[in-house]
Amino acid sequence: MLSRLPKPVKKFAQDWPGFGIAVVALLFVVAGLLAIRQGGGMERLELLIYDKMMRQLVKESPDPRILVVGITEADIREQRHWPLSDAVIAQLLANLQAHQPRAIGLDIYRDFAIEPGYADFVAQLQAPNVITIEAIAINTLEAIPPPPDAPPTQVGFNNLPLDPDGVIRRAFLYLPREEEVKEAFALQLAFLYLAEEGIEPIESPQHANVMQLGPAPFMPLTPYSGGYDRLDAGGYQMFLQYRGTDQAIEMISLGAVLRGEFDPALVRDRLVMIGSTAPSLLDRKATPYSATLGGDGKMAGVMIHAQIAAQILDVALGERSLLTYWPDWAEIAYLVAAALVSSFTAWRLRHPLLLIGSISVSVLGIVGGGFWLFQQGLWIPIAAPVISVLSTAGVVITYQSYDDYCRRRIVMQLLGQNTSPEIAEALWQGRDTLLKAGKLPGIRLTATILFLDIKGFSTVAEQMEPEALLDWLNDILGEITQEVLTREGIINKFTGDGLMAIFGVPLSRIHKAEIALDAQNAVYCALAISDRLTLVNQRNHAMGLPDIQMRIGIFTGPVVVGSLGGKDRLEYGVLGDTVNTASRLESCAKERQPTDCRILIATETLQHLGDRFHVESWGPMALKGKQQMADVFQVLSIASKTR
C-alpha cells in the first residue's frame, strides 16, 4: 500500500511514530508550562527579563515639565529637625507658588499639626493647585490620613504596588474604597497639568469603564497581563514605564528653594513634587534599574511618583505609547505556536548542526522579537516561549536518541560484531529505510558469498581437551574474521569449523563496478586467509598438532537479505541459489586439495575479476543438488599488486 504513495507522503507515513512523539512532546510541554504559569512559576523569570528590557531602552533627557524638590540629608542637618515644622513647609509652598507652577504635590505625610506655623500651612493647602497625600490601608499597610484641614478633593493616595520581589513595576491610578473611588497622587497632579492643555479625563468611547486622556485609553491590568502569572490586579493599575533613573527627573533641594537659590524657570508652568530623597528617611523603593545602580540601588518614592506623572503626561499628549499586552488567549496561542515549531523542527531535522542552528534561530527570534515589540509598547512573555522551544526540542531529541539506541540494538542483534566499521556506519546511516517494525525488510541485491571449511578439524579435535580446542578454534576464526571485516565483508554465521561471509550487503549494490569490487574483495580475502593458514600451521607444529587445510568456495549472484525469526530471536538471513552454489563450490571434489587452502570460484565470479588474479580452470563440474554443470576455477595467486 505504501509503495503506491508519493515519496513525500510515503516518507511521512514511515516516520509516523516520530510525528506522534512530536505531538506528544508539544502537548506535554505546553500543558506543563500552562500549569506552571497558572501557579505563578514563570512570573519571576519574566519580570527579570522585563527589568532587563526596561534598562535597555534609550534613556530620555530630564522631563522639562516636572521638577522634584528633594529633602536631602543636608537639608535635615540644616533644619536640625524632623519632621519639618509646618512653618517650613508653608514657606516652601509660598516660595514655589511665587513662580506660578501648574501643580504642586506634597509627598510628605502631615496627618497632624507640627507647630509652629500650622495656620500658615493650612492656608497654603487651600490653593487649588496643591495636592497632598494619604496612605490607604492595603493588606498589612496601615492607613495614614491626609492633613486634617486639607480640601478632600485635593488629596491623592501615594500607595505603590509592590511585586513579590519588592520591585515597583506598576502604578495605581484608582483604588475603590467603600462607596468612593480614590485617585492616585501622581494622577491628580497630572490632571491639574493637563487641564491647562485642555485635556480632561473621560470614559473611553471604545472601552466601557476605561479612563481616557487625550487619544489614549488607559487599559487596566489583569492577572495575566504581560509576563505576570498571578498579578494582584486590584484597583485600576497600569504598567510603569520609567523614563530612566533619577537622572530622568530634574531635582533641586529644599534648602535651595527656601533660600531662593534656584532658577525660577525650573518652577514656572511645571508640575512640582516635594518629597524626601534622604536615605535615612527610608522612603526608597527598588526599581528595574536597581540591579545596575550603586549604593542601595533604590529610587526615592517622590521620584517614582514623578516617573508615574511623566508617563501619564507623555501618553495623554501623544508623546509615548502606553505599554500594552496581549489577551490571555493570545499568549497561550503564542506559547503553543513556539512549541509547535520547535517540536516539528526537532522531528524533521536530525543533523546536529541544523538542529542547533534552527533552535538557536527560534530562541533569538523570540527574544529579539519580544524586545522589539517592547520598544513599540507591547510586552509579551519571552521566558515561557523560549522554555517551550527548548523543552519540546529536548523531549523530541531524547525520544530520537532512545529510538536510535533501540534501532542500533536491533541492527547489532542482527549483525552482531561481524560487520566492518564502514558497513556498520553505512547501515546505521540508512536505518530509516532499512528498519521497519523492528526488522530489516527483505532486499534483493547482488552479492558475493564465501564459504570456508577447515579440513582436518576432527583430527585436531581428537588431540585436544574441549576447552583448549575452543580457544584454538577461536584464534583461527578470529584471524579469518579480521580478514573479512578488513575487506568490507560481514560474517553471517559460523558453522562450527567454518563460516559464511558475504560481500555486498546490507546496502544494495547498483553499479557493476560495485558488484565487481565485492567479488574482488572476496577473492583478496580468500588469498589473505591462505597466507594466514601458513602461520597457523607453524603454530600447530610448535604445539605438536598436525597441519590443517581449508576449502573456500566463492560465488557471485542475486540474493535476498533481511531478518529471519521473531521478535525474541532475530538473525540476518541471506537466501537464494547463490548461497547454495557457494556452499557446493566449497564442498565439491573434496579429494582434490592441491594446496593447503583451496579456493574455488565459478564463471559468475570470474567475470568480475578482470586480470587481477591467476586462476586455473577445473572445467565443468557437477555440484551437489544442482542440475546444471558449473565452470569451476581455482584461484592461485594475485596477478598484480593492485591492493
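The values are calculated or read from the model by the stated rules, or taken from the named source; none is laboratory data. All of these numbers come straight from a predicted model, not from anything done at the bench. Cβ placement follows ideal geometry from the backbone for every residue including glycine, while neighbour counts extend to all protein chains displayed.
Descriptive notes on the structure:
- Scanning the stretch 114-153 for residues that are surrounded by 13 or more Cβ atoms within 10 Å (Cβ to Cβ), over 17 Å from Ala306 (Cα atoms), touching a helix residue (DSSP H, G or I) at 6+ places or on another chain (Cβ under 9 Å) and not hydrophobic (A, V, I, L, M, F, W, C) yields Pro116, Gly117, Tyr118, Asp120, Gln124, Pro146, Pro147, Asp149, Pro151.
- Here the helices (runs of 4 or more DSSP H) wholly within the stretch 438-547 that include at least 2 residues being buried (at least 19 other Cβ atoms within 10 Å of the Cβ) and modelled with pLDDT of 85 or more are 466-486, 512-543.
- Meets criteria (assigned to a loop (DSSP other than H, G, I, E, B), acidic (Asp, Glu) and under 25 Å from Arg65 (Cα atoms)) for Glu183: no
- Among the residues examined, Ser290 does not qualify as surrounded by fewer than 13 Cβ atoms within 10 Å (Cβ to Cβ), not charged (D, E, K, R) and not assigned by TED's automatic domain parsing to the domain that holds Phe371.
- Taken as a whole, the structure places Pro176 among residues that are in contact (Cβ under 8 Å) with a residue 40 or more places away in the chain, surrounded by fewer than 22 Cβ atoms within 10 Å (Cβ to Cβ) and either touching a Gly at 6+ places or on another chain (Cβ under 6 Å) or assigned to a strand (DSSP E or B) (or both).
- Screening the candidates Glu197, Glu180, Glu203 for the property of being at pLDDT below 95, closer than 27 Å to Arg110 by Cα and in the same structural domain as Ser321 (by TED's automatic domain parsing) yields one hit, Glu180.
- Wholly within the stretch 597-643, strands (runs of 3 or more DSSP E) carrying at least 1 residues that are farther than 22 Å from Ile454 by Cα: 613-622, 629-638
- One residue stands out in the stretch 301-332 among those that are more than 21 Å from Pro288 (Cβ to Cβ) and hydrophobic (A, V, I, L, M, F, W, C): the one that is surrounded by the fewest Cβ atoms within 10 Å (Cβ to Cβ), namely Trp329.
- Where strands (runs of 3 or more DSSP E) fall entirely within the stretch 197-273, those with at least 1 residues that are more than 21 Å from Arg102 (Cβ to Cβ) and over 42 Å from the mean Cα position of the chain (by Cα) are at 250-253.
- Given (1) crowded, with 18+ Cβ neighbours inside 10 Å; (2) assigned to a helix (DSSP H, G or I); (3) at pLDDT 85 or above, index of the condition Leu373 fails: (1)
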